[in-house]
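Below: one structure, written as C-alpha cells.
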Ligand code: NAI
Ligand code: MG
C-alpha cells in the first residue's frame, strides 16, 4: 500500500468511533478492544465517540451532525464506522451519513478484501481477492427526479462517471495490485457493451493509468483483464479463485462485494476501508442487520478486520498482521463462532477469543 498516511510519525493516534445504528453499535466496540489490546505496539490511542445515523436523524433531525464532520476533519487521524439503517422509502430531509462522509472527506476508494481461511460452512476455498470500489460517484450521487409523463410516473437517476475519479480509483487499484505480490491480476469491471459512454469512460480511463506521466513502467507487472459486471458475478460463483484485484464503479462494486461475501461464508467477515489521500475510515461491509440486532450475536470479525485494514493504511503492518492472524486462528479452530457461521457463540465470546490470541 502506498500513501502519505503511511509515512507519518505519530506520538498518538486519534480514532473517531461512529457506531451509528443497529449492529454497528454491537460490533464497533470489538474493533476498539482489539486496537487497545495491541497496547504499546501502537502510538497512544485516543478514542472519540461521534454521532451519526438514522436513529440520530429521527431524534435530532440530522443524520450527520456538523460536529461529527468537524471532529473528523480537525481532531482525528482515522475513524471506524459501524453501519447505518437507511430506510428503503424516501424520508424527507434524510440522506445516508456514510455516503455523505465519503464525499465530504473525499474518501474516494472503498477497498474490500475477501478471503477464505478455513473450511467454514458455506465457504469456498482458496479465495483471496480485493474489490476496489469507486466511492464518490456513479448512481450514488443520488440525483433522482420523479415526473409525470404521458404514460404515468417517470423516475430518472443521473449516473456520473468522471475521468478524474476513474483515474484515481484506477491508480488505487494498480497500487493495491502491486502490494499483493509478484504477478498481480487486475480485473476492470464494467458494462460498457451497454453503457458505452459512462462505463466506457471508466474502462478507458482505468486502462490508461499505466501510461500516465510519471508512472514509468511501475505497473508493467500487473496483468489487466476486463469482465462485464453480469458475467463477473457468474465467474465469481463458478471460479472465484481466479480473481485477484477487481476495480469497479460504485454500484457494481457494492453489489459484487456482497456477492463475494457469500463465497467466504458471511457478510459478517468482510472488512473494508474508505480511503482518501489524507484520511482513512474502517467500516465492515455489512449493514445494520435489523434482523439480528440487539441479540448480541452479530459477528464482530468484519469490524475487527476493518480495524486491521485501517492500521495497514496508517503504516502499522505488523500490528495489523497480529490482528488478522488472531482472527484467522479463531476461524480455523472453529469452536467459537457466531450463528451466521453455524456457531452458537455470542459477539462477546468471539471478541474474547480474538483478544486471547492477540
Ligand atoms: P445487512 O448487511 O444489514 O444484512 C444482510 C444479511 O447479513 C442479514 O441477514 C444480516 O443478519 C446478515 N449480517 C449482516 N451483518 C452481520 C454480522 N455482523 N453478523 C452476522 N450477520 C450479519 O443488509 P440489509 O439487511 O440489506 O440492510 C439492513 C440495513 O442496513 C438497511 O437499512 C440498509 O440501508 C443498511 N445498510 C447500511 C450499510 C452501511 O452502513 N454501509 C451497508 C448496507 C446496508
Ligand atoms: Mg453494500
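The values are calculated or read from the model by the stated rules, or taken from the named source; none is laboratory data. Model, not experiment: these values are computed from the prediction. Using ideal geometry, Cβ is built from the backbone for each residue, glycine included, and neighbour counts are taken over all protein chains shown.
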Legend entry - Those residues of the range 1-29 which are at pLDDT 95 or above, surrounded by fewer than 24 Cβ atoms within 10 Å (Cβ to Cβ) and either in a helix (DSSP H, G or I) or outside the structural domain of residue 272 (by TED's automatic domain parsing) (or both), in sequence order: 25, 29
Inset, instruction - Spot the failing condition for residue 327; the list is (1) crowded, with 24+ Cβ neighbours inside 10 Å; (2) outside the structural domain of residue 83 (by TED's automatic domain parsing), and only one is missed. - result: (2)
Legend entry - Failed condition for residue 314, given (1) within 11 Å of ligand 1 (Cβ to nearest atom); (2) more than 14 Å from the chain's Cα centre (by Cα): (1)
Inset, instruction - Those residues that are away from ligand 1 (no atom under 11 Å from the Cβ) and surrounded by fewer than 23 Cβ atoms within 10 Å (Cβ to Cβ), I need them from the range 281-295; list them, please. - result: 294
Inset, instruction - Considering every residue within the range 256-267, establish whether at least one is within 13 Å of ligand 1 (Cβ to nearest atom) and within 28 Å of residue 8 (Cβ to Cβ). - result: no
Inset, instruction - Please list, ordered by first then second residue, the pairs with beta carbon atoms under 6 Å, 6 or more apart or interchain, first in the range 215-226 and under 16 Å from residue 247 (Cβ atoms), second assigned to a loop (DSSP other than H, G, I, E, B). - result: 222/184
Legend entry - The listed residue being modelled with pLDDT under 95 and under 20 Å from residue 28 (Cβ atoms), out of 266, 306: 266
Inset, instruction - For residue 145, state whether it is closer than 23 Å to residue 186 by Cβ and not in a helix (DSSP H, G or I). - result: no
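Of all residues in the range 126-154, how many are in contact (Cβ under 8 Å) with a residue 40 or more places away in the chain and surrounded by 10 or more Cβ atoms within 10 Å (Cβ to Cβ)? Even if it seems obvious, please write down each step before you answer.
From the range 126-154, those in contact (Cβ under 8 Å) with a residue 40 or more places away in the chain are 126-140, 142; that's our starting set.
Filter once more, so that each one left must be surrounded by 10 or more Cβ atoms within 10 Å (Cβ to Cβ): 127-140, 142.
Here the count works out to 15.
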Legend entry - Flag for residue 307 being surrounded by fewer than 24 Cβ atoms within 10 Å (Cβ to Cβ) and not assigned by TED's automatic domain parsing to the domain that holds residue 170: no
Inset, instruction - Report yes if residue 153 is closer than 28 Å to residue 115 by Cβ and touching a strand residue (DSSP E or B) at 6+ places or on another chain (Cβ under 8 Å), otherwise no. - result: no
Inset, instruction - Considering each of 103, 59 in turn, give the residue that is over 23 Å from the mean Cα position of the chain (by Cα) and assigned by TED's automatic domain parsing to the domain that holds residue 298. - result: 59
Legend entry - Complete set of residues in the range 89-123 that are assigned to a loop (DSSP other than H, G, I, E, B) and over 21 Å from residue 262 (Cβ atoms): 89, 90, 91, 92, 93, 94, 95, 96, 105, 106, 107, 108
Inset, instruction - Determine which member of the set 280, 256 is away from ligand 2 (no atom under 16 Å from the Cβ), in contact with a helix residue (DSSP H, G or I) (Cβ under 8 Å, 6 or more places away or on another chain) and within 28 Å of residue 5 (Cβ to Cβ). - result: 280
Inset, instruction - Could you please let me know if residue 244 is more than 16 Å from ligand 1 (Cβ to nearest atom), in contact with a strand residue (DSSP E or B) (Cβ under 7 Å, 6 or more places away or on another chain) and under 24 Å from residue 332 (Cα atoms)? - result: yes
Legend entry - Single residue of 113, 121, 97 found to be surrounded by fewer than 18 Cβ atoms within 10 Å (Cβ to Cβ) and touching a residue at least 60 places away in the same chain (Cβ under 8 Å): 121
Legend entry - Some residue of the range 268-276 being within 26 Å of residue 320 (Cα to Cα), more than 15 Å from ligand 2 (Cβ to nearest atom), out of contact with any strand residue (DSSP E or B) (no Cβ under 6 Å at 6 or more places or on another chain) and in a loop (DSSP other than H, G, I, E, B): yes
Inset, instruction - Output the number of residues of the range 295-307 satisfying the condition of being touching a residue at least 40 places away in the same chain (Cβ under 8 Å) and more than 21 Å from residue 259 (Cβ to Cβ). - result: 5
